[in-house]
Amino acid sequence: MKFKKIKVNNTYIFLILLVGVLLDLYYESNSLYHKELQRIDKNLYKTAKNIPFYLGDDYNFYGMNNKSYGEKEILKTAQKLIDMAQINEVDFLYTIIIEDEMPTYTSIGGSSKEYLEYFEKKDVSQFYWFTFEDVEDDSIEETINMFNNQNIVYINSSDNLGDYRSVYLISAAKDGRKYIAGADMTITNLNKAVFRKISYQILHTLLILLILFLFILLISKNMKEQKKLRETFIKNINYDGLTGVLKREKGIEKMNEIIKQLPLEDKKMFLGLFDIMDMTYINEEFGTKIGDDMIEKLAEILKATFRETDEIIRLNGDQFLVAIKEPLSGGTMEQLEQRFDNSLKKYDFMKKSELHMTVRKVFLKWDRETNLNAMLRVLFEKLRFMKGSDDKEVALMELDLQRGLSNHEFEVYYQPKIDVLSKKIEFEALMKWNHKEKGMILPIKFIPIAENSSLIISLTEFLIRQVKKDIQLLKTKISINISPNHFNKEFFLEEMLEKYDNLDGIEFELTEDNFIDEVDNSIKKIKTLKDAGVNFLIDDFGTGYSSLSSLAKLPITTLKVDRSFVVNMFKTHRDMNVMKTIIQLGKNLNLKIVVEGVEEEKEINFLMGLGVHIFQGYYFGKPEKLETVLDKLKNDTYFVKLNKLNTKI
């Protein structure tokens, strides 16, 4: 009877869990659908808003009829809309006018397979002058009403090709005629996007249900096996899966048991609290996998430092509590602390990325008159005091930066930008800090602190003055990065013009963040400095949020394509098309294209096939000091791989 009772109860539990999981899946999928719909609506709106920019001022609607444009013009317009649809991941883009009380398409392009085939066949009837009635669109009245009464509307519609989610924007052409700029996403693709997001959750849920089913089946067949499984389950509850140490709840329970025994044993105890610094930054910058590796390594160091009889507890993400009872092995508490520090120093984590683990630690001697909660509060208060000193650390870093500038600890490194056709070499100047005590410090460590103070101005001044000297020896153009915080300061323009009498040969690299908020002011600064001989480049293009219309206004000379697009371009056809489109966009704007981060010959060969001939990356050379660069120029070292490529051009 007992066996049967356990079986029935477990079955009930399984059914309850199954119902709960199914309900959760239902509500989660519904929530995902609405979130995806909101995302798509925003994307459709942004894309539709850029249609007038793509079509240009010469595309007029006044007096338009089915013979206004020839095949070449129709296909040219369709190509623009197809490219735009692929870049922005929408299915269709189009313009509509109301002709004889009937919505009529005057241009259309899309990324769907059908429309790409129409384009290849040059079937212009699919791209120009056909009505809603021709395609059996069910939103004729709704469209006419919106055209007369609204500026923007989101609708669901259908025609002979399928169902759509659409956005209509009322615009006015240069000739004054009103028209609709629209963008569509098929409902099928919307559903596919939602399905992809919930598919993992469904598989994960099915796996859990399968495990539960097998668990219940084993219980029903063998009570002895049931006991073993229960013990394993209890162990998983009590011990952390990543580090193997006690979880918080079980650890606190264990601590209370130890506290009860201490007076009886007449022994002392110490508590140590350990916390990894900057874990949030590490997870965001390098990924949670790196953060988990650090947490796991800290647990290993704690196990190696303390004894098996000492309790190690993972309180939360990156915090550990250690209870050390007398007698202490290895000497005094101070000696144990030193042993931990020595073990931590041996930990050389991700040496190539120069990423090291820093741990805060505080210790307390156990007070028999104080309960566990009170002791933990004291430990956490001490730790918070240490964290609060981070502001002091920033202040100390700023003072250290000033000292480093005074002591000439900053160094300039140069990385080549090579034109594989003309064999012309230019350079980008990068700054590093050779600290007298800490060694080489990369810009990612000190630039953010400098940007929040006037130190960024001093660092930029040092860089420009050093480049002005070195350019006399390098005899070529050199570009430097300008911080958004510095560029956007009111006095930036006056500072550049008054402080430096000659900036010939120096180019400024800006990211899209430099001008995203104040485009007109940025244009003024760039134009003025360009008249003074300074060319401007857009660095890391494609990773920011600038609009195409803003980009077209900027008087820049060069686009530098970010390394991330190079890494991804061979992964999928979509990624490859994105790279092609970015390059074509630069050409359409009459800009030079520089692709950053090239490391392999196959990358360069492919990009050369797209018309790119200026590259920067480790394939040709890493950033190096002036002496090394001059030596390589003298010995034509940079041309070794360049000549290898040119034999294939």
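Within the bounds of the stretch 594-604, is there any residue that is more than 25 Å from I538 (Cβ to Cβ) and β-branched (V, I, T)? The answer is no; no qualifying residue exists.
Considering Y118, Y168, Y105, the condition of being surrounded by 13 or more Cβ atoms within 10 Å (Cβ to Cβ) and in a helix (DSSP H, G or I) is satisfied by Y118 alone. Filtering D163, D134 for residues that are part of a loop (DSSP other than H, G, I, E, B) and not aromatic (F, W, Y) leaves a single hit, D134. Selection of first residues in the stretch 257-269 that are without any contact (Cβ under 8 Å) to a residue 24 or more places away in the chain and under 22 Å from E334 (Cα atoms) and of second residues that are open to solvent by 80 Å² or more (accessible area, probe 1.4 Å) and among the charged types (D, E, K, R), restricted to Cβ pairs under 7 Å at least 6 apart or on distinct chains, gives an empty result. Search the stretch 431-449 for residues that are within 15 Å of H408 (Cα to Cα) and pair each with any residue that is among the small types (G, A, S) and surrounded by 14 or more Cβ atoms within 10 Å (Cβ to Cβ) when their beta-carbon atoms are under 9 Å apart and the residues are at least 6 apart or on different chains. The qualifying pairs are W433/G404; N434/G404; H435/G404; K436/G404; I441/G404.
If only residues of the stretch 244-281 that are touching a strand residue (DSSP E or B) at 6+ places or on another chain (Cβ under 9 Å) and basic (K, R) are counted, the one that is nearest to A304 (Cα to Cα) is K247. Whenever a residue of the stretch 100-114 is within 11 Å of M84 (Cβ to Cβ), its partners that are part of a strand (DSSP E or B) and open to solvent by 10 Å² or more (accessible area, probe 1.4 Å), lying with C-beta atoms within less than 6 angstrom and at least six residues away or across chains, give the pairs G110/F92.
Let's see how each residue does on (1) open to solvent by 50 Å² or more (accessible area, probe 1.4 Å); (2) part of a helix (DSSP H, G or I); (3) at pLDDT 90 or above; (4) over 17 Å from V534 (Cβ atoms):
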residue	(1), (2), (3), (4)
E428	no, no, yes, no
Q466	yes, yes, yes, no
I480	no, no, yes, no
E490	yes, no, no, yes
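Conditions: (1) more than 25 Å from the chain's Cα centre (by Cα); (2) open to solvent by less than 10 Å² (accessible area, probe 1.4 Å). A450 meets all but one. Number of the miss? So A450 meets the others, but not (1). F606 passes every criterion in (1) open to solvent by 20 Å² or more (accessible area, probe 1.4 Å); (2) modelled with pLDDT of 90 or more; (3) within 20 Å of I478 (Cβ to Cβ) apart from (3). The sole residue among K580, K622 that is open to solvent by 70 Å² or more (accessible area, probe 1.4 Å), at pLDDT 90 or above and farther than 17 Å from Y413 by Cα is K580.
The values are calculated or read from the model by the stated rules, or taken from the named source; none is laboratory data. Predicted, not measured: the structure shown is a model, and the values here were computed from it. Using ideal geometry, Cβ is built from the backbone for each residue, glycine included, and neighbour counts are taken over all protein chains shown. Heads up: the accessible areas ignore ligands, DNA and RNA and are worked out on the full protein's heavy atoms, side chains in. Shrake-Rupley method; radii C 1.70, N 1.55, O 1.52, S 1.80 Å.
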